[in-house]
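Enquirer: I have a structure here, written as structure tokens, and I will follow up with some questions on it.
Read-outs: derived from the displayed coordinates by stated rules, not from any lab. Note that this is a predicted model, so its numbers are computed, not measured. Using ideal geometry, Cβ is built from the backbone for each residue, glycine included, and neighbour counts are taken over all protein chains shown.
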Amino acid sequence: RKEVEQDPGPFNVPEGATVAFNCTYSNSASQSFFWYRQDCRKEPKLLMSVYSSGNEDGRFTAQLNRASQYISLLIRDSKLSDSATYLCVVPSGGYQKVTFGTGTKLQVIP
Amino acid sequence: GAVVSQHPSRVICKSGTSVKIECRSLDFQATTMFWYRQFPKKSLMLMATSNEGSKATYEQGVEKDKFLINHASLTLSTLTVTSAHPEDSSFYICSATGIGTAVGNTNTEAFFGQGTRLTVV
């Protein structure tokens, strides 16, 4: 099993739709998880942190399922500006080792 | 959030020459810096981790003699691609964690530089 695994997509969704991505991880000792957003040819930017069961910020909800070792990102009421690649990040050892997922590409279409 | 400045943002060099990329933390002390490489349509791949004042730890498959990393101060790390070849053309990004960037419990957030697009011709 890969350390961090994501469905690469692309997910093509219409504006206003709800879309969810999953990210599975192999290290059961991981304590924190992050979702980053990366626009084409730009650096990744932190979108959400997940330390316990979940986190919600406006239209974005991140959830953690420790038993099944996955985290999810839910985007409600998709906007055109949400089009990007979403990276799942699983640090370990206090960020001494960081593993990125391959990213899930989202394309919101008008 | 904290600011990490990476320079240059874009560089084109001839095959066989060396290129230096700088990564600076502007408003915090970066005790740890990470260097990543991203090929088109691929994920970010960690190349090496450097702690201030000590030698970098390279990931498997990354040539330490080719990718020289120096982290001599708490605000500056450099990556030098020596004797660059076309296959080294990629997007290189640094990120930093350290004092002043802690969020949540004891885990820290990483802040990314803007990235450097290297093209070797």
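Enquirer: Which net charge results for the neighbourhood of B:Ser83, defined as the other residues with beta-carbon distances under 10 angstrom from its beta-carbon, given Lys and Arg at +1 and Asp and Glu at -1?
Expert: Summing Lys and Arg as +1 and Asp and Glu as -1 gives -1.
Enquirer: How would B:Met33, A:Met48, B:Met45 line up from fewest to most surrounding beta-carbon atoms within 10 angstrom?
Expert: B:Met45, A:Met48, B:Met33
Enquirer: Starting from the Cα-Cα distance between B:Val3 and B:Asp65, subtract it from 0.36 nm times their residue separation and give me the gain in nm to one decimal.
Expert: Difference between extended and current length: 19.4 nm.
Enquirer: A further question follows. If Lys and Arg each add +1 and Asp and Glu each add -1, what is the summed charge of the other residues whose beta carbon sits under 12 Å from the beta carbon of A:Phe21?
Expert: -1
Enquirer: OK, next. State, to one decimal in nm, how far the label point of A:Cys40 lies from the label point of A:Asn65, with both points 7 Å from Cα in the Cβ direction.
Expert: In this crude label model, A:Cys40 to A:Asn65 measures out at 3.3 nm.
Enquirer: Further, regarding this structure: If the rule is a partner Cβ under 4.7 Å, which cysteines in chain B fail it?
Expert: Unpaired cysteines in chain B: B:Cys13.
Enquirer: A follow-up question, please. Calculate how large, on average over all directions, the projected area of the Cα convex hull of region A:1-49 is; give the answer in nm² to one decimal.
Expert: Computed as one quarter of the Cα hull surface, the answer is 4.7 nm².
Enquirer: Testing the spin-label approximation: label points 7 Å from Cα along Cα→Cβ at B:Phe39 and B:Ser73. State their distance in nm.
Expert: Here the answer is 3.6 nm between the modelled labels.
Enquirer: Next question, about the same structure. Trypsin sites (Lys or Arg not before Pro) within region A:27-106: which are DSSP loop residues with at most 16 other Cβ atoms inside 10 Å?
Expert: A:Arg41, A:Lys42, A:Arg59, A:Arg66, A:Arg76, A:Lys79
Enquirer: Next question. Taking H placed 1.01 Å from N in the peptide plane, check which residues at least 5 places from A:Thr102 or on another chain put their amide H under 5 Å from its amide H.
Expert: Placed amide hydrogens put A:Gln6 under 5 Å from A:Thr102.
Enquirer: For chain A, just say rounded, prolate or oblate: build the C-alpha gyration tensor, square-root its eigenvalues into a ≥ b ≥ c, call rounded for a/c under 1.5, and beyond that prolate if a/b exceeds b/c, oblate if not.
Expert: It is prolate, given that a/c is not under 1.5 and a/b is the larger ratio.
Enquirer: In whole percent, what relative contact order does region B:1-62 give with Cα contacts below 8 Å and a gap of six or more residues?
Expert: 24
Enquirer: Sum up the charges of everything whose Cβ sits under 15 Å from the Cβ of B:Glu63, counting Lys and Arg as +1 and Asp and Glu as -1, but leave B:Glu63 out.
Expert: 0
Enquirer: Let me check against my output: what whole-number percent is the relative contact order of chain A, with C-alpha pairs under 8 Å and at least 6 apart?
Expert: Here the relative contact order equals 37 percent.
Enquirer: Which part of region B:42-59 falls in the paramagnetic zone of B:Glu87, meaning amide N under 11 Å from the point 7 Å along Cα-to-beta-carbon?
Expert: none
Enquirer: Sort A:Asp7, A:Asp82 so the one with the fewest other Cβ atoms within 10 Å of its own Cβ comes first.
Expert: Final ranking by Cβ density, sparse to dense: A:Asp7, A:Asp82.
Enquirer: Taking a quarter of the surface of the Cα convex hull of chain B, what do you get in nm²?
Expert: Mean projected area for chain B: 7.4 nm², to one decimal.
Enquirer: Moving on to the next point. Please arrange A:Glu5, A:Glu15 by how many other C-beta atoms lie within 10 Å of their C-beta, fewest to most.
Expert: A:Glu15, A:Glu5
Enquirer: Could you state the principal axis extents of the C-alpha atoms in the protein assembly as shown, from the largest down, to the nearest angstrom?
Expert: 49, 39, 35
Enquirer: If you don't mind, there's one more thing I want to ask. Among the lysines, select those whose C-alpha is under 19 Å from the C-alpha of B:Lys66, and discard any that sit fewer than 8 residues away in the same chain.
Expert: Partners found: B:Lys14, B:Lys20, B:Lys55.
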